[in-house]
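Trainee: Dumping the structure here so I can ask a few things about it.
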Amino acid sequence: MTIFQYVARRLAFIVPQLLGIVAVSFFLVSLIPGDPAVLMLGPLASQDSIAKLHASLGLNQPLAIRFLHYVWRLLHGDLGTSWQTQRPVLLDLLQRAPATIELVTYSLLVAIAVGIPLGVYTAVRTQGIPSKIATMYGSVAGTIPDFWLGLVFIFIFYNRLHAVPAPTGRLDLAIPPPPTITGFYTIDGLLTGDWTALGSALAHLALPALTLGLINAGPIFAMTRSTVSRMLDSNFAAYAQLSGLPRSLIIMRAFRNAFPSIVTVISVLYGFLIGGAVLIEFVFSWGGAGQYAVQGVLNADIDPVLGFVLFSAIFSLVIYLAVDLIYFALDPRVRR
Amino acid sequence: MQMSAPHVESILRVRDLVKHFPVAGSRQVVHAVNGVSLEVYRGETVALVGESGSGKTTVGRCVAGLLRATSGIVIFRDVEVNAPSKLDYRYMRGKIQLVFQEPGESLDPKMRIEDSIAEPLRAARWPGERRAARVLEVTELVGLQVKVLRQYPWELSAGQQQKVAIARAIATNPELVVLDEPTSALDPTARAEIIELLRTIQEKLGTAYLFISHDLSTVRYISHRVAVMYLGMIVEHGSTTEIFRRPTHPYTIGLLSSVMLPDPRQTLRRGLQLKGEIPSPISLPQGCYLASRCPLADGRCRLELPPAVDVGRGHFVHCFKHDETRQFQFVAETGGALPASASQSVQPSP
Amino acid sequence: MSDVRLRVENLHSYYFAHYGTVRALRGVDLTLEAGSVLGVVGESGSGKTTLARSIMGLLPPPGRIVDGRILFGGRDLRTLTPQEWQALRGRDIAMIVPNPRGELDPLLPVGEQLVAVIRAHTDKGHREARDLALGMLRAVQIPDPERRFRAYPHELSGGMAQRVVIAIALSCSPHIVISDDATSGLDVTVQAQILSLLDDLVRQQASSMIFITRDLGVVAHVSDRVAIMYAGEIVEMAKTTEFFDHPAHPYSMMLLSAFTHDHALRARWTKEGDSPDLVRLPQGCPYASRCVRAQPRCQAERVPAVEVAPGHFVRCLYPL
Ligand SMILES: Nc1ncnc2c1ncn2[C@@H]1O[C@H](COP(=O)(O)OP(=O)(O)OP(=O)(O)O)[C@@H](O)[C@H]1O
Ligand SMILES: Nc1ncnc2c1ncn2[C@@H]1O[C@H](COP(=O)(O)OP(=O)(O)OP(=O)(O)O)[C@@H](O)[C@H]1O
Ligand SMILES: [Mg+2]
Ligand SMILES: [Mg+2]
């Protein structure tokens, strides 16, 4: 099988997968309590005007019809409108998604930079104090609430040490965003040579990325440690040792064999964090997509919620496709 | 040592059996069995020998009705095994049984031995009282102590487990038992015991065996006729004496000359040596399947599939070169006795 | 012929398992002469792999050598540092393992794995090592070695993978090759090919070999001397022809008789009994409970090895 056939086959599955996800989430979202018309018109609105709004929003039609309408609009690139922002959901998402993706990506880089080396270290040296400390960290990391750690960091690094700017979004208020190319401020800043914006964006990213990174390093660490130590115990490592290969080479081979499992954890985390970073987005007033979706849920603003679900589904599917490609490149047993 | 085959009635006929397996994620197939025909008579043992992957197990499973053949027919008595009607099915139940290589695998670890042995009886609708009596009967027949009936498989040794598997297989008085390498997981002492047991059972009950094995010395000892398989085809078959006295197919000769006996003076024949290994059953070679490994192969061998040739005395060979192989023929040694000096005079008591 | 390559003296290796101490090797003595092949035969669990791993200095935990000496090149291997061990393994003493497809790194082409071993033990550059590796693949008669060089382990048949492992073991012309059950999973025709290949190569390189197997038939054809193991001891050791002509231990007789279809003979030498429990070994001969010649004395005292003929040692109070 060539890589193109492989990708084509995967892509063919994406459309039905997405349709399924949209259907399920549409019906789930319809269960959200609260009547958007009431929320839009306020508590003093008359029955009459509420009924009219219902009709114009199409809310008095059966669920199935509403779903078909939604899909029809989707096919035309219309994700609906948020009644809160009064803007098309697509535009809102295009503006906010990069904020979330940027945050999540940097967080993940931190998590990888912490989790993998620690995992390999503890797999190789199972005894000793550093390994004990790392193990302790690994078991604690997953249990700390991220928003709490975020608040602690803000207290230490902002309130006390003044080492970072105020936790109020992605840039200092006085600095205009760099010209939009990708929507990621760090990349746009770099591409356009807007060094002030770049510096400010990085400074604002530091704390939330560190928070999310340190917490999510936990699963990466655990997976790295367990798979690398399993590989070190495996037959091929024993055989390499019997053949007199140097220890460093054996560890490298063990890591290479463990890598696909590690990539899997990373990809799952990546997809999860798109929605899972929402508390941190709130704490740091990030203005990301997760925050947008939660506002939607709280205010029975359905289109932004659905839009967000669709966005994270596409994102996850793209990530999984990328992971498959990595497997394809790494593991000769996948190619046939 | 040779048993005379009681050629009374044929109970199993296999004609042009073909079995393909799909290959996951592709349109290709594994050509596991490519046109096998064979016949088994009442009370006789037919051995299937051949390299790993040559399709022996697959033939056995098709015969036992565990696998549905891609094409060809398997007829047990008058019943088509691959498509039995309801009535036939009831008639057949319990008449063909299978014993696997791994004794542990065929026994449910959560079941007591007595329940394991009773299972096929229950499937064949034996009434309760007769079942219990029969379980006791076969347990004694295979030479197990009655106390094992209350035990679980993991409490038994591998040899005992295999005896249980055999007891279970013969409980329903089958007419044919497919034995798929029943001794290869056992150490030599247990192996010898099981083989002896199988012979005793056959003498007493007249059961026919389809005996699948790698172990040529055992095959020679226990079977009346031998079929040699290679890449899903039977390349040579005949009576046991014929096959071991006058091996004719290059593959059979290679196989027999690879047997190493515990006798340092045995001369290993290097006359007709096969090269390499069995080709992939996914893309079958054109012509004779052995051509890539055979030192005698010529252009014709690589183009045409050789038909069966009768070389006399009911001995059939699929080989264009069966005349040339005669010079490599030898009477195969497959053990049987210790080096004379070691065995005869010595008595156990010191 | 008689200069000794390897001498193992009074080797004891135990596994300190949670359920007790498994005394897997109990006072093994053996010598391996230059250019000769020693066949080690014994039933499953008799300690063959433990012996091989002890010599290689890689007993898996909870195993440990508790006593004895392993003399090679004028040194006791038990005193080597980890660095010295690493240099020695694969270069001076190489091992051939069973089930080679599971022993090779699944993500690396087999040729690269061969190159890695060559480069670990020589100062050859990648090019030179590659040439040598290709030469080795050719030497083990792998057809189309250039293509097979790039093949991954799962793309090889069992016999092919076994050849690769032999190529790896012989690539640095080791003084000693230890083959542990190397042909057990192979078909007889392939086994015959591989054995004759191994035999030729080992003799060509003037290496010595310890050939471990459960198959007496194979041993009769590849080895110069035979050692029979039972319950962690070598119970009989002799030249191959001497052993097969005059087996002296009742256990050896039992093994040999199991190969025959002579019912009476087998019954004469076989007695039902428990296989030895290495945690709770009896005081006397561990085979006594299954031995047709056993006398009360056998249960009572530890049995020393005696020389019944020149170079033929037996651990039995009543040898044949
Ligand atoms: N369920 C299955 N799906 C796909 N291929 C199969 C299946 N069962 C067997 N095969 C393939 O069919 C061929 C014949 O297999 P079979 O097990 O019958 O051989 P065999 O002669 O019994 O070998 P062995 O001596 O190793 O038991 C092999 O190439 C095997 O890989
Ligand atoms: N890691 C271990 N922990 C505890 N006991 C062990 C361990 N490895 C082996 N043993 C025991 O040591 C004894 C010797 O085992 P060893 O593997 O050396 O036998 P072997 O002769 O190589 O057997 P086989 O023919 O099955 O390979 C056995 O009783 C076995 O159960
Ligand atoms: Mg089979
Ligand atoms: Mg072993």
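The values are calculated or read from the model by the stated rules, or taken from the named source; none is laboratory data. Because the structure is predicted, anything quoted here is derived from the model rather than measured. All Cβ positions, glycine included, derive from the backbone under ideal geometry; neighbour counts span all protein chains shown.
Trainee: Considering (1) crowded, with 22+ Cβ neighbours inside 10 Å; (2) closer than 21 Å to residue C:89 by Cβ; (3) facing another protein chain (nearest Cβ under 10 Å), say which one residue C:142 fails and leave the rest.
Mentor: Unmet condition: (2).
Trainee: Further question: As an exercise: evaluate residue C:268 against (1) without any contact (Cβ under 8 Å) to a residue 40 or more places away in the chain; (2) more than 10 Å from chain B (Cβ to nearest Cβ) and give the number of the one condition it does not meet.
Mentor: Answer for residue C:268: the failing condition is (2).
Trainee: Return the residues of the stretch B:28-82 that are polar (S, T, N, Q) and more than 11 Å from ligand 3 (Cβ to nearest atom); say none if nothing qualifies.
Mentor: B:28, B:34, B:37, B:45, B:70, B:71, B:82
Trainee: Can you tell me how many residues in the stretch B:165-187 are charged (D, E, K, R), within 16 Å of ligand 3 (Cβ to nearest atom) and within 14 Å of chain C (Cβ to nearest Cβ)?
Mentor: The total comes to 1.
Trainee: When only residues in the stretch B:1-31 that are outside any strand (DSSP E or B) and more than 17 Å from residue B:206 (Cβ to Cβ) count, which is modelled with the lowest pLDDT?
Mentor: B:1
Trainee: Can we say residue C:131 is assigned to a loop (DSSP other than H, G, I, E, B), without any contact (Cβ under 8 Å) to a residue 12 or more places away in the chain and surrounded by fewer than 20 Cβ atoms within 10 Å (Cβ to Cβ)?
Mentor: It is false that residue C:131 is assigned to a loop (DSSP other than H, G, I, E, B), without any contact (Cβ under 8 Å) to a residue 12 or more places away in the chain and surrounded by fewer than 20 Cβ atoms within 10 Å (Cβ to Cβ).
Trainee: Which numbered condition in (1) surrounded by fewer than 17 Cβ atoms within 10 Å (Cβ to Cβ); (2) in contact with a Pro (Cβ under 9 Å, 6 or more places away or on another chain) is the only one that residue C:14 fails?
Mentor: All conditions pass for residue C:14, except number (1).
Trainee: Can I ask one more? Is it the case that some residue within the stretch C:27-45 is away from ligand 3 (no atom under 16 Å from the Cβ), more than 19 Å from the chain's Cα centre (by Cα) and not hydroxyl-bearing (Ser, Thr, Tyr)?
Mentor: no
Trainee: For the structure I just gave you, tell me whether residue C:262 is touching a helix residue (DSSP H, G or I) at 6+ places or on another chain (Cβ under 9 Å), among the acidic types (Asp, Glu) and within 14 Å of chain B (Cβ to nearest Cβ).
Mentor: Against the criterion (touching a helix residue (DSSP H, G or I) at 6+ places or on another chain (Cβ under 9 Å), among the acidic types (Asp, Glu) and within 14 Å of chain B (Cβ to nearest Cβ)), residue C:262 qualifies.
Trainee: Let me ask something else about it. With charged (D, E, K, R), out of contact with any helix residue (DSSP H, G or I) (no Cβ under 6 Å at 6 or more places or on another chain) and free of Cβ contacts under 8 Å to residues at least 60 places away in the same chain as the only criterion, which of C:29, C:76 stands out?
Mentor: The match here is C:76.
Trainee: Restricting to the stretch A:261-290, count the residues that are polar (S, T, N, Q) and surrounded by 22 or more Cβ atoms within 10 Å (Cβ to Cβ).
Mentor: 0
Conditions tested, residue by residue: (1) away from ligand 4 (no atom under 16 Å from the Cβ); (2) within 14 Å of chain C (Cβ to nearest Cβ); (3) within 29 Å of residue C:43 (Cα to Cα).
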{"position": "B:101", "(1), (2), (3)": "yes, yes, yes"}
{"position": "B:117", "(1), (2), (3)": "yes, no, no"}
{"position": "B:144", "(1), (2), (3)": "yes, yes, yes"}
{"position": "B:149", "(1), (2), (3)": "yes, no, yes"}
{"position": "B:152", "(1), (2), (3)": "yes, no, yes"}
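Trainee: Of all the residues that make up the stretch C:199-215, how many are closer than 26 Å to residue B:184 by Cα and at pLDDT 90 or above?
Mentor: 4
Trainee: In addition: Restricting to the stretch A:293-311, name every residue that is farther than 14 Å from residue A:79 by Cα, assigned to a helix (DSSP H, G or I) and not aliphatic (A, V, I, L, M).
Mentor: A:295
Trainee: Of all the helices (runs of 4 or more DSSP H) wholly in the stretch A:1-99, which have at least 2 residues that are among the aromatic types (Phe, Trp, Tyr)?
Mentor: A:3-29, A:63-75
Trainee: May I ask you to list the residues in the stretch B:25-64 that are within 14 Å of chain C (Cβ to nearest Cβ) and free of Cβ contacts under 8 Å to residues at least 60 places away in the same chain?
Mentor: none
Trainee: Please specify each residue of the stretch A:299-324 satisfying the condition of being of a type in the set (Asp, Glu) and closer than 21 Å to residue A:54 by Cα.
Mentor: Within the stretch A:299-324, A:301, A:303 qualify.
Trainee: What are the residue pairs meeting all of these: first residue in the stretch B:188-203, first residue more than 8 Å from every other protein chain (Cβ to nearest Cβ), second residue outside any helix (DSSP H, G or I) and among the aliphatic types (A, V, I, L, M), Cβ atoms under 7 Å, and 6 or more apart or on different chains?
Mentor: B:194/B:186; B:197/B:142
Trainee: Only one residue in B:169, B:165, B:132 is surrounded by fewer than 20 Cβ atoms within 10 Å (Cβ to Cβ) and part of a helix (DSSP H, G or I). Which one?
Mentor: Exactly one residue qualifies, and that residue is B:132.
Trainee: May I ask you to verify whether residue C:189 is within 14 Å of chain B (Cβ to nearest Cβ), in a helix (DSSP H, G or I), among the polar types (S, T, N, Q) and within 16 Å of ligand 1 (Cβ to nearest atom)?
Mentor: Taking the combined requirement at face value, the residue satisfies it.
Trainee: Shifting gears a bit: Condition (residue is modelled with pLDDT under 95 and assigned to a loop (DSSP other than H, G, I, E, B)) applied to the stretch A:134-142: is it met by at least one residue?
Mentor: Yes, the stretch A:134-142 has at least one match.
Trainee: Out of C:207, C:179, report the one residue that is buried (at least 21 other Cβ atoms within 10 Å of the Cβ) and touching a Phe, Trp or Tyr at 6+ places or on another chain (Cβ under 6 Å).
Mentor: Only one candidate qualifies: C:179.
Trainee: Moving to a separate point now. I need a count of the residues in the stretch A:112-134 that are surrounded by fewer than 22 Cβ atoms within 10 Å (Cβ to Cβ), touching a residue at least 24 places away in the same chain (Cβ under 8 Å) and of a type in the set (S, T, N, Q).
Mentor: 1
Trainee: Which of the residues that make up the stretch C:219-249 are outside any loop (DSSP other than H, G, I, E, B), among the charged types (D, E, K, R) and either buried (at least 23 other Cβ atoms within 10 Å of the Cβ) or more than 9 Å from chain B (Cβ to nearest Cβ) (or both)?
Mentor: C:225, C:233, C:236, C:239, C:242
Trainee: Within the stretch B:34-46, is even one residue within 16 Å of the chain's Cα centre (by Cα), modelled with pLDDT of 85 or more, within 12 Å of ligand 1 (Cβ to nearest atom) and among the hydroxyl-bearing types (Ser, Thr, Tyr)?
Mentor: Looking through the stretch B:34-46, none of the residues is within 16 Å of the chain's Cα centre (by Cα), modelled with pLDDT of 85 or more, within 12 Å of ligand 1 (Cβ to nearest atom) and among the hydroxyl-bearing types (Ser, Thr, Tyr).
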